[in-house]
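Presented below is the structure to which this report refers.
The values are calculated or read from the model by the stated rules, or taken from the named source; none is laboratory data. For clarity, every value in this text was computed on a predicted model and none was experimentally measured. Cβ placement follows ideal geometry from the backbone for every residue including glycine, while neighbour counts extend to all protein chains displayed. Just so you know, the surface numbers come from the protein's heavy atoms only, side chains and all, with ligands and any DNA or RNA stripped out. Shrake-Rupley method; radii C 1.70, N 1.55, O 1.52, S 1.80 Å.
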Amino acid sequence: MRLLLDGDDDHAVHRAAYQRADPARGRITVDPTPHTTSPAYLALDVLRAMGRDGFSRPEAERMSTDPAWRAVTCWTLATDVHEAIVLRAHRLTLERLRRLAVWRADTGIRLTLIAHAPEPADEQHLQTRLHDAGLTDAQGVRGADDVLEAIGPPATGRRHGPPPGDHAHPLPTLPRSGMAAFRADCWRRQNDVHFTHTDGQYRAGYAAARTWLARTVPSPPPTAGPADGRTAEPTAFTLQETEAVRLFLARLTVSSPSPQHTVARVRGAQAGFLSRSVLLDVPDDLTDCAGPGLTTVPLTPRVLHTITWRLPNPLRAAALASMLFTGTSRDLLSMTQIESVDHHHATVAIDRDSRINIGQAPGPRHMYAVPPRARPLLRAAVEFRRRSPRTADHHGLFANCFGTTPRLEALVADAGLAIPTLVHPHPGDDWHTTARCWRLHTPAPPTPDVLPRLVELRP
């Protein structure tokens, strides 16, 4: 830890500390709110320095002291914040300094305190408080020039304001055709530009399915058919294979910008499965269903900025993001346990059947893919829950986030984002959880890994 003593209260030191901050690269500068000695306010100041300023809204939900500091620790670990400068350290109370010491011990962050102590007595008093708080290894730096050098050079290329708006090329209305005729119907009904975009999504699903099957579901050894020469009956996927298919479909569509993109990708995936002698059955009219790619919102940089800015509580930020990328109902999402999130925070597996039908044989879990941008949110939420008192892995991850209507309404109001599953709810299970797969015991047709471009065949 470093203690920078700015006895002259030089404005250049303040400016250098602010210019050094760059939360995107793990460096923050904390300016404690004046006229308060509350440890909770200091935690909110740290969250604000990280870019989480939702508490500035008068009606926003607040956190008390302990949850606020847990949030500071979890966000630090999840977003790799490694350097923090705290201004006006000479005004920090002993309790605030102790909170900073615990934060530093839990995260290993490089802590720099800038104090304005013009008199030797002021410096001695500050050193005493630091020692009582457990910050006994402070390296003192004096003099404006040495302090400026210790702060370091200003950040370059720092982004100001929210990211630019989102844009995706829209797809036209797609035919309600099955997998066998979908691509040909699109080619006949769409012009060259529209078909190029639609076929790009179809081909992406086709290639992803063939690659996934080759890596994950190896073909079984050939078996002898019935004695009369008939083809053997199709073999349904096992429970584990069904869960794997659900996760594949969720990964394929979780970032889909519209239901039309999702339909094109899924039809292409069905063709890719069939080319490997596997039949993938999904609902006929996908657009009437809910789930990944249909009632979801892509977690673009702008959406993620809105979530993290307006929801400093890690649990509430992860709960809102999960509603956006799963597209499922809040009743199912409320069953998410801490252990439902995998070690890499890339998968959410909700075991609904075992929680509802106690004692019965387990069925396939509801599998959801976590987009890369949402994984720090899930990591922070899991850390927050595990650091809470009296917590076990089988406890609910999103407890007290949207279990009741008032809590849900408060979450939606604080986030300020439209949630498709709440605006247009869909009854029944999500579409990818109703998907089924069978192995067809027939020779795989000689199909290419890359489909030919039909647009080149137009007269």
Check your understanding: Restricting to segment 140-182, what's the tally of residues that are assigned to a loop (DSSP other than H, G, I, E, B) and either under 30 Å from P118 (Cα atoms) or of a type in the set (F, W, Y) (or both)?
Key -> 5
Exercise for review: State which residue pairs qualify: first residue under 19 Å from V412 (Cβ atoms) and inside segment 32-59, second residue β-branched (V, I, T) and open to solvent by less than 40 Å² (accessible area, probe 1.4 Å) in any location, beta carbons under 6 Å apart, and separation of 6 or more residues or different chains.
Suggested key: R52/T308
Practice item. Taking the residues in segment 131-142 that are more than 13 Å from L4 (Cα to Cα) and of a type outside the set (D, E, K, R) as candidates, determine which candidate is most open to solvent (accessible area, probe 1.4 Å). Key: H131
Practice item. Could you look through segment 103-122, keep only residues that are modelled with pLDDT under 90 and touching a helix residue (DSSP H, G or I) at 6+ places or on another chain (Cβ under 8 Å), and pick out the one that is nearest to W69 (Cα to Cα)? Key: H116
Exercise for review: Among the residues of segment 245-279, count how many are open to solvent by 30 Å² or more (accessible area, probe 1.4 Å), more than 22 Å from V303 (Cβ to Cβ) and of a type outside the set (K, R).
Suggested key: 2
Check your understanding: Which residue out of R330, R302, R310 is basic (K, R) and either at pLDDT 95 or above or within 22 Å of L249 (Cα to Cα) (or both)?
Key -> R330
Practice item. Tell me which of these A415 doesn't satisfy, since it passes every other one: (1) open to solvent by 30 Å² or more (accessible area, probe 1.4 Å); (2) at pLDDT 90 or above; (3) more than 24 Å from A349 (Cβ to Cβ). Key: (1)
Review point. In the set R379, R407, which member is closer than 18 Å to P67 by Cα, open to solvent by 30 Å² or more (accessible area, probe 1.4 Å) and more than 20 Å from the chain's Cα centre (by Cα)?
Key: R407
**Study point:** Filter pass, R251 being at pLDDT below 95, basic (K, R) and either under 22 Å from H197 (Cα atoms) or in a helix (DSSP H, G or I) (or both)
**Key:** no
Check your understanding: How many residues are in contact with a helix residue (DSSP H, G or I) (Cβ under 6 Å, 6 or more places away or on another chain) and of a type in the set (A, V, I, L, M) if we restrict to segment 383-410?
Key -> 1
Review point. Does A89 count as under 18 Å from R2 (Cβ atoms), in contact with a His (Cβ under 7 Å, 6 or more places away or on another chain) and open to solvent by less than 70 Å² (accessible area, probe 1.4 Å)?
Key: no
Check your understanding: Within segment 439-454, which residues are open to solvent by less than 80 Å² (accessible area, probe 1.4 Å) and touching a residue at least 12 places away in the same chain (Cβ under 8 Å)?
Key -> R439, L440, H441, T442, A444, P445, T447, L451, L454
Revision key, fill the gap. In segment 216-248, anything at pLDDT 90 or above and among the basic types (K, R) is listed as R246
